[in-house]
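Enquirer: So that we are looking at the same thing, I have put the structure below in structure tokens.
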Amino acid sequence: MEHPVTKPKIVGYWFNEKKCQKFGVADLKTECKRRGIHLVKIDMSSPMEEQGPFDLVLHKLTALFAQALNYDPKAVTAIKMFEEYIGKHPETFVMDPLSGVYRLLLRNQTYDLLQQRFKNDDKVFTPTYVELSTANLQHNRLLIQTANVTFPVVCKPVTAGGGIEAHEMAVVFNENGITECTLPCVAQSFINHGAVLYKLFVLGPVWFVIVRPSLKNFYAGVDGCFDINKLAEQETVHFNSNNVSKADSQSPLTQLDPSDMKEDLPKADPAVFNRIVTNLREALNMDLLGIDVVIDSSTGKYGIIDVNAFPSYDSVPNLMDHLVDLLIMRMDRSALANSTSILESKNTSIEIISPDHPQEDSGVDTG
């Protein structure tokens, strides 16, 4: 008796060239082929109907969305085509839903979501923020006071994707410093966190904690003392968040001052990280997330300072194995209906990774 030939699953993907190079698409293709999946790059300049059908579409459209927001005609046409295709093909699983990706494209929308989702959580918060669009000092002063934003603040571009500009930020110590930032921007209260950033890399129900360098402690005044005259003298600190938080960063901005080195940093609790991941996956209905978390040095509370769609996953071990596991699960309708599937059973499984430091020094309580 002959067995029917199993038709290979087809995954269409679209990343821009920068993402293709950084992410290692060749490795993804190799792993997909090994697992019986045909990986096809989508040509966004040609009709998708002629390129499909696809069992799943994997995408990183953030940069294209950002270009469309700036009325780039090619980007607008490509996004419209993509939306129309997935609207006509509900049988195709989209990783990730555009509604969630749109929500994360603008930081003010992201922070609004975070405030709503964690308003009743006594351990998790997002620092206060306000959107600023004018250099008018009096107007900004009113907005900052009304939003309970406190100096120093981190000024970030409103758009969270679309290129290196999304990572160009500044620590500002006074209202005058806002004028040095590219407007519009989001001004968010800076939280001292001992120069330690926890990057939560989410691959569906499996996620990892990567410990990275971060900005040192800053204070609203010299030597931690608030003095309105000294505050006005402090110069704005400009930085690129990607460069500062690289695993091998040697930036002086990540080096704690001697007075801060004496403090014992709070130990990170994986259970709180799990709560953050679970809450945001539910809110956004997304599988591929990067969540940046700091722990307030004084309160021990967990501050979510950014959330990104389809992050770099830099330093995540066996990345392609985990990603292809996820693709297979999402294309397997029976697995989706079965809550005891292999991947779903790992929803509390994490790995703490500190590339440049011994794990016992990573500030994470793994016990």
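The values are calculated or read from the model by the stated rules, or taken from the named source; none is laboratory data. These numbers come from a predicted model, not from an experiment. With ideal geometry, Cβ positions are generated from the backbone for all residues, glycine too; neighbour counts draw on all protein chains shown. Just the protein is used for accessible areas: all its heavy atoms, side chains included, with ligands, DNA and RNA removed. Shrake-Rupley method; radii C 1.70, N 1.55, O 1.52, S 1.80 Å.
Enquirer: If Val153 passes every condition in (1) buried (at least 22 other Cβ atoms within 10 Å of the Cβ); (2) at pLDDT 90 or above; (3) touching a Lys or Arg at 6+ places or on another chain (Cβ under 9 Å) but one, which one does it miss?
Expert: Here Val153 meets the rest and fails (3).
Enquirer: Still on this structure, please answer the following. Gln109 passes all but one of (1) more than 25 Å from Val153 (Cα to Cα); (2) assigned to a helix (DSSP H, G or I); which number fails?
Expert: Looking at each condition in turn, Gln109 falls short on (1).
Enquirer: Let me ask something else about it. Search the range 178-192 for residues that are touching a residue at least 60 places away in the same chain (Cβ under 8 Å) and within 15 Å of Ile305 (Cβ to Cβ) and pair each with any residue that is open to solvent by 30 Å² or more (accessible area, probe 1.4 Å) and assigned to a helix (DSSP H, G or I) when their beta-carbon atoms are under 6 Å apart and the residues are at least 6 apart or on different chains.
Expert: From residues that are touching a residue at least 60 places away in the same chain (Cβ under 8 Å) and within 15 Å of Ile305 (Cβ to Cβ), the pairs are Val186/Asn108.
Enquirer: Is there a residue in the range 114-131 that is part of a strand (DSSP E or B), of a type outside the set (Gly, Ala, Ser), modelled with pLDDT of 95 or more and more than 18 Å from the chain's Cα centre (by Cα)?
Expert: The first filter runs over the range 114-131 and keeps only residues part of a strand (DSSP E or B), leaving 124-125, 129-131.
In the following step, the residues that additionally are of a type outside the set (Gly, Ala, Ser) were identified as 124-125, 129-131.
Narrowing the set further to residues that are modelled with pLDDT of 95 or more leaves 124-125, 129-131.
If we keep only those that are more than 18 Å from the chain's Cα centre (by Cα) too, we end up with 130-131.
Yes, because at least one residue in the range 114-131 is part of a strand (DSSP E or B), of a type outside the set (Gly, Ala, Ser), modelled with pLDDT of 95 or more and more than 18 Å from the chain's Cα centre (by Cα).
Yes/no per residue for (1) open to solvent by less than 20 Å² (accessible area, probe 1.4 Å); (2) among the hydrophobic types (A, V, I, L, M, F, W, C):
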site: Ala68; (1), (2): no, yes
site: Asp72; (1), (2): no, no
site: Tyr102; (1), (2): no, no
site: Leu113; (1), (2): yes, yes
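Enquirer: Please determine whether any residue of the range 92-99 is open to solvent by 40 Å² or more (accessible area, probe 1.4 Å), part of a helix (DSSP H, G or I) and farther than 16 Å from Gly12 by Cα. Let's see the steps before the verdict.
Expert: Within the range 92-99, the first condition is being open to solvent by 40 Å² or more (accessible area, probe 1.4 Å), and the residues that meet it are 93, 99.
Adding the requirement that they be part of a helix (DSSP H, G or I) leaves 99.
Within this subset, residues satisfying the condition of being farther than 16 Å from Gly12 by Cα are 99.
Yes - at least one qualifying residue is present in the range 92-99.
Enquirer: A further question on this structure: Please work out which one of (1) open to solvent by less than 70 Å² (accessible area, probe 1.4 Å); (2) at pLDDT below 95 is the condition Asn136 fails and give its number.
Expert: Only one criterion in (1) open to solvent by less than 70 Å² (accessible area, probe 1.4 Å); (2) at pLDDT below 95 is unmet by Asn136, namely (1).
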